[in-house]
1. Only one of (1) touching a Phe, Trp or Tyr at 6+ places or on another chain (Cβ under 7 Å); (2) in a helix (DSSP H, G or I) fails for LEU222. Which number is that?
2. Can you name the number of the only condition in (1) modelled with pLDDT of 95 or more; (2) open to solvent by less than 60 Å² (accessible area, probe 1.4 Å) that ASP195 fails?
3. Search the stretch 46-104 for residues being touching a Ser or Thr at 6+ places or on another chain (Cβ under 7 Å) and on the phi > 0 side of the Ramachandran plot, and hand back the single one that is modelled with the lowest pLDDT.
4. Could you please let me know if VAL161 is at pLDDT below 95, of a type in the set (Val, Ile, Thr), closer than 28 Å to ASP203 by Cβ and surrounded by fewer than 18 Cβ atoms within 10 Å (Cβ to Cβ)?
5. Restrict the check to the stretch 233-243 and report whether at least one residue is in a helix (DSSP H, G or I), of a type in the set (A, V, I, L, M, F, W, C), open to solvent by less than 70 Å² (accessible area, probe 1.4 Å) and out of contact with any Asp or Glu (no Cβ under 6 Å at 6 or more places or on another chain).
6. I'm checking my understanding of the structure. Among residues of the stretch 164-188 that are open to solvent by 100 Å² or more (accessible area, probe 1.4 Å) and under 21 Å from the mean Cα position of the chain (by Cα), which one is farthest from ASP226 (Cα to Cα)?
7. Would you tally the residues in the stretch 101-129 being more than 24 Å from the chain's Cα centre (by Cα), closer than 25 Å to ILE70 by Cα and either free of Cβ contacts under 8 Å to residues at least 12 places away in the same chain or open to solvent by less than 40 Å² (accessible area, probe 1.4 Å) (or both)?
8. Which condition breaks for PHE208 when tested against (1) modelled with pLDDT of 90 or more; (2) within 22 Å of the chain's Cα centre (by Cα)?
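The values are calculated or read from the model by the stated rules, or taken from the named source; none is laboratory data. Just so it is clear, the structure is predicted and the values come from calculations on it, not from any experiment. Here the Cβ positions follow ideal geometry from the backbone for every residue, glycine too, while neighbour counts run over all protein chains shown. Surface accessibility is based on the protein's heavy atoms, side chains included, excluding ligands, DNA and RNA. Shrake-Rupley method; radii C 1.70, N 1.55, O 1.52, S 1.80 Å.
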Amino acid sequence: MSTYTSGNDRSAYPADISPSKSNGSISYNPTPHLIPEGDNAVALEVTGSTATDKLIIIMVGLPATGKTYIAKRICRYITFFHDIPAQIFNSSNYRRKLFGVMPANFFDHSNAEGLAQRTTACNAALDDLVDYMKKDGVRVSVYDATCSTRERRDHVLKKLVDENLHCNKMFVESICEEEEFLEENIRELKLSTPDYHNIDPDDAAKDFNERREQYKAVYEPLDDRDGSYLTVFNYCKFMVNKVRGYLPLKVRSVILSKYHAVCMLMK
């Protein structure tokens, strides 16, 4: 998990390599970076194979926490600024296509039939994601789903491993506990989805909140066992764990910069 030390903290340096008092420069570096030279030189940030690695992002979070918004933001950034193809695979779209619109009790974890159908939708989305990632060239895919339990996340990872995909993988989790944000997300975004077409807004909000509670009852947040991940708390606080490589660091940058701006507006 990332920790940071202020660059002005001289106690962080051993005595023989501390910044000089005259100009703040470091007098000795036992492992210096070599600056690339020549016609084929590239920036240190992209040196090595990481600049050409593919990336799979797995979203995590309860409904109405902004997962799809984050996924779209990432894909727009990667496509526009880096000219890298990026695509979102939303499990809810596959669920609606396969089984139609379902009431809140469909999402009850103890509903064996509902769980089996949700797993079928999950696998259908992953099958298309795998086909997309097997294409030639650098690309990014986002699996957009709740992935609310470790069991489901392990299922997703096993599927990707079984397909022998040589891609970087990272989780992006959104946790929102601010009632104001949740109510706005539900009213303005979730109630406009096909699940609630032509349904009274109050009835739709009641059903959606019941659905959210079904997920919340079994929710397991990310931790070190999940490997590389970034968690956004209430759009203002971040936790970054083992995020390395060219594209994962770009994802980290776009999320932190976007929500830092949101945080400033809230102050």
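1. Only one criterion in (1) touching a Phe, Trp or Tyr at 6+ places or on another chain (Cβ under 7 Å); (2) in a helix (DSSP H, G or I) is unmet by LEU222, namely (2).
2. (1)
3. GLY66
4. Against the criterion (at pLDDT below 95, of a type in the set (Val, Ile, Thr), closer than 28 Å to ASP203 by Cβ and surrounded by fewer than 18 Cβ atoms within 10 Å (Cβ to Cβ)), VAL161 does not qualify.
5. no
6. In this case the residue turns out to be GLU177.
7. So the count comes out to 1.
8. (2)
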